[in-house]
Amino acid sequence: KSATMRIARLWADLIEKERISVAIDYRKAAIIGCGFVGASIAFRFLQQGLFSRMVLIDANREKAEGEAMDLRDGLPYGASMEITAGSYDDITDCSLVVITAGVNQKPGETRLELIERNAGIMRSIIREITARPFEGILLVVSNPVDVLTYTAWKLSGYPRERVIGSGTVLDTGRLKQLLGEELKVDGRNVHAFIAGEHGDSELPVWSGANVSGLDLDAFCRLRGIELHASNRERIYREIRDSANEIIKRKGATYYGIAMAVGRIAECIVKDEHAILPISVVLDGEYGLDRVALSIPSIVGKNGLEKVLEIPLEETERRALNESARQLKEAFAGLK
Ligand code: NAD
């Protein structure tokens, strides 16, 4: 372990002091962990045609090979792309590495209960990555995603801009969709987000919610719809409990998260400067630090560009603080 740390430090010194620059291929991505989630993300990337080269890495090499072979069969009907099963040596010139390795929740299990098992896996992955010269972005998807994003940032020593988590991009999509159905308007016109933990302590930020610039109350009046506190609570619960409900029925969730990760990757590759509630390591914003959680942030080719400090109501601020407290406690409890 200490030898690996020494190599990581050597690489960092060489890159920084000797100005060695590792060529980044902006059209190359790697996915570490090729289970339900990793394979679905790879399928999404293939459909998007965002990358020219995609490397699949899994502790089970045959699984990665099988997925790469299956995906390659789709190439004649998709984008032009090189898809291979590979090893960590293939990540050095990647612009994006998506980490989805880890075990999944069992029915009824919370995301935070996965922590010890998946943090161990994350440690071994970060050790491999930092033992090589890599200057791209790490996008953590494995759960509990906020604690693992913080773990990856802390262990890698990379700037926080380069270590982000998929956070509540998925939950926020659910919120837009459900609110759109309730208000009988296209969910893509709804601007609202879920903040905090991607998990049980997450919070909907109703205070800033609007439909194409009209605040929710004004829009409801125009539409002749009443959105009572009980309706809001039902929508929030449905979002928060959605993964558990899906897992109860089919054992895992993967299509929704694959779409969400596809959107994050698109913002990075196209340098969109788009606003997404990714999981970010906070550095004093909202009076919080030493924690990663979701907050609307500008995302571009360098990963995190800017954490936005948007106005919150007192109850929302308290809920965000409580979410941060629970995440810090979970991280502190790691062996
Ligand atoms: P899965 O069991 O189908 O796949 C996990 C894969 O990781 C397996 O192929 C396994 O071989 C591989 N793996 C394990 N240890 C590894 C290591 N050290 N290096 C490389 N590969 C390794 O699980 P899944 O359903 O694909 O879920 C993966 C993770 O994604 C879980 O933690 C799950 O909770 C999480 N997830 C997150 C979100 C989100 O919104 N962030 C949504 C769904 C699932």
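Residues in the stretch 316-335 that are part of a helix (DSSP H, G or I) and in contact with a helix residue (DSSP H, G or I) (Cβ under 7 Å, 6 or more places away or on another chain): L320, L327, A330, F331. Restricted to the stretch 81-93, and to residues that are touching a helix residue (DSSP H, G or I) at 6+ places or on another chain (Cβ under 9 Å) and part of a helix (DSSP H, G or I), which residue is farthest from the ligand (Cβ to nearest atom)? The selected residue is I91.
Within the stretch 49-80, the set of residues being farther than 19 Å from R263 by Cα, of a type in the set (S, T, N, Q) and more than 8 Å from the ligand (Cβ to nearest atom) comprises just one member, S80.
For D186, state whether it is among the charged types (D, E, K, R) and under 20 Å from the mean Cα position of the chain (by Cα). No, not satisfied. Within the stretch 29-48, restricting attention to residues that are small (G, A, S) and near the ligand (Cβ under 6 Å from one of its atoms), which residue is farthest from the chain's Cα centre (by Cα)? Going through the qualifying residues, I end up with G35. Does V97 satisfy the condition of being farther than 18 Å from I268 by Cα, touching a helix residue (DSSP H, G or I) at 6+ places or on another chain (Cβ under 8 Å), within 16 Å of the ligand (Cβ to nearest atom) and in contact (Cβ under 8 Å) with a residue 60 or more places away in the chain? No.
Listed by position, the strands (runs of 3 or more DSSP E) contained in the stretch 94-192 that have at least 1 residues being modelled with pLDDT under 95, surrounded by fewer than 19 Cβ atoms within 10 Å (Cβ to Cβ) and acidic (D, E) form an empty set. Summed over the stretch 289-311, the residues that are in a loop (DSSP other than H, G, I, E, B) and surrounded by fewer than 19 Cβ atoms within 10 Å (Cβ to Cβ) give a count of 6.
Anything in the stretch 242-261 that is assigned to a helix (DSSP H, G or I), farther than 24 Å from V185 by Cα and not acidic (D, E)? List them, or say none. Scanning the stretch 242-261 gives A243, N244, I246, I247, K248, R249, K250, A258, V261.
Apart from one condition, L203 fits all of (1) hydrophobic (A, V, I, L, M, F, W, C); (2) touching a Pro at 6+ places or on another chain (Cβ under 9 Å); (3) away from the ligand (no atom under 14 Å from the Cβ); the exception is (2).
Within the stretch 193-241, the residues that satisfy the criterion of being of a type in the set (A, V, I, L, M, F, W, C), in a loop (DSSP other than H, G, I, E, B) and farther than 19 Å from S294 by Cα are I225, L227. If you go through the stretch 146-162 and keep only what is in contact with a Ser or Thr (Cβ under 6 Å, 6 or more places away or on another chain) and of a type in the set (A, V, I, L, M), you end up with just L148.
In the stretch 234-249, the count of residues that are at pLDDT 95 or above, touching a strand residue (DSSP E or B) at 6+ places or on another chain (Cβ under 8 Å), away from the ligand (no atom under 13 Å from the Cβ) and within 21 Å of I31 (Cβ to Cβ) is zero.
The values are calculated or read from the model by the stated rules, or taken from the named source; none is laboratory data. As the structure is a prediction and not an experimental result, all values here were calculated from the model. Please note: Cβ atoms are built from the backbone with ideal geometry, for glycine as well, and neighbour counts cover all protein chains shown.
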